[in-house]
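Presented below is the structure to which this report refers.
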Amino acid sequence: MDANQFDRFVRSLVAASTRRGLLRRLLVLPVAGGLQLPLLEGGEARNRHRRQLRQRVEDHRDRIHDEKRKKKKKKKPLPCAQVGQTPVSGQSCCTGLVPNASGQCVEPVPATCAQAGQTPVSGQSCCSGLVLDGAGQCAQPAPPSCANSCSGCCNGETCVTNTSPLSCGASGAPCGVCSGLQATCFNGLCRCDVCANGCPFSSVQAAIDDPSAPTTITVCEGQYVGDVIINRSLTLIGSGDGADAGFSTILKGTGNSSVITTGASITVTLQRLRISGGNANKGGGILIGDGTVTLTDCTIVDNQSDTQGAGIFNDGILTMSSSTVTDNQSLGRGGGIFNNSELTATNLLVSHNVAPLGGAGIANTQTLDLQSSSVFRNDAGGSFDGGGGILNSADGTVTLVDSDVINNVAPSGGGISQRGTTNSVTLTNSVVAGNVTDNCAPSGSVSGCNG
């Protein structure tokens, strides 16, 4: 470019008032061809830069979008836990399921519980305060006392006070307060472990033999035929000791053995039972081994033995209260009771028993203690040893308190026959009278006994 061209170039540039006008002049001047390439090259660079910048912006926007999508995916709830599954963190049981005690999802127990008298369906339980009774229905639990649960006595329980016109259970006597085992009174009815139909057991022996059976076994009214062997500690409770099976519990023997046999080293309680029909060498009604036995409100009747103790043979520790031993017959001694160990009795009646070899009422070889009891009209008519009422051996001791021995029969010692040691019988406020052939023998052997 020469000097003239350069001057014109400069003046043209100065005349341009804007950058756009300056650019037009540059393009039309002779020197434009030389400058056009750099300018074009600079424009393409800027365009590339802009495209790159735009691409970076778009890439950045895509990254932000992807990150937001990832965050949204992380926040999406986990699938619910099905039946039998344990929900993980952030997970819950599916609709209609609830976690159980182990944390697993299960179907919920129906909200409506079974009311009194209803049988719970699957998954249902009794309402609060109710329990299942023997028939599988919801009912009030056994109360602390019979009188609080029903208006009268349960079947087999005795009246304490006669205050209610109604009765509770089959043949229950009308009263307001009841005695005996309160568990027999359940929801106003008598509940038993043993009965002819509808109970867990249909025989007494089955209930005794079952190790899962309770230690207190209740037996409904009725007659149960069979000889019973008790080989574990338990309490056996019937509905009464009367002669009518419709109101009482009668344990009737087969006639080939003792009706009840108790094993050694166990504790047995018998209540409200009638025991009859036994026939054994000894202990036709009850044969007691070396254990502890308590009889309450029981009657031992119509049993036989070949040698000793037609009603009861005791070789353990026997306690009796409010019981009767009557109409038993031994071919040897102890028509009613043969006590070979320790016997304590209160309110005991021993009557109308027979033993031709002596001790028609009671034959005693060890310790006999009678309180408020009566030995009445027993017969040892053919006995050389005598003792129509009581025969006491040389090693035995007898204590009678507030008791009587009346109208018994024997060739000698119609009331009491004392063998061997004198004064082994102690009478305290007791009566021995009206016995045949005499009241006590030998004469003078029993202090306080006359005739």
Residue within segment 314-330 that is β-branched (Val, Ile, Thr), assigned to a loop (DSSP other than H, G, I, E, B) and either farther than 19 Å from Thr367 by Cβ or in contact (Cβ under 8 Å) with a residue 24 or more places away in the chain (or both) present: no
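Residues of segment 258-291 being under 21 Å from Ser373 (Cα atoms) and either part of a strand (DSSP E or B) or touching a residue at least 60 places away in the same chain (Cβ under 8 Å) (or both), which ones?
Answer for segment 258-291, where residues must be under 21 Å from Ser373 (Cα atoms) and either part of a strand (DSSP E or B) or touching a residue at least 60 places away in the same chain (Cβ under 8 Å) (or both): Thr269, Leu270, Gln271, Arg272, Arg274, Ile275, Ile286.
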Yes/no for Thr119 being outside the structural domain of Gly242 (by TED's automatic domain parsing), modelled with pLDDT under 75, assigned to a loop (DSSP other than H, G, I, E, B) and of a type in the set (Val, Ile, Thr): no
Subset of segment 47-89 that is at pLDDT below 70 and part of a helix (DSSP H, G or I) - its residue that is farthest from Gln104 (Cα to Cα): His49
Selection count, segment 337-354, where residues are of a type outside the set (Ser, Thr, Tyr), within 20 Å of Val301 (Cα to Cα) and in contact with a Leu (Cβ under 8 Å, 6 or more places away or on another chain): 5
Filtered residues of segment 273-304 (kept if among the charged types (D, E, K, R) and at pLDDT 95 or above): Arg274, Lys282, Asp297, Asp302
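The values are calculated or read from the model by the stated rules, or taken from the named source; none is laboratory data. Everything numeric in this text was worked out from a predicted model, so none of it was measured. Because the Cβ atoms are built from the backbone with ideal geometry, glycine has one as well, and the counts that use them run over all protein chains shown.
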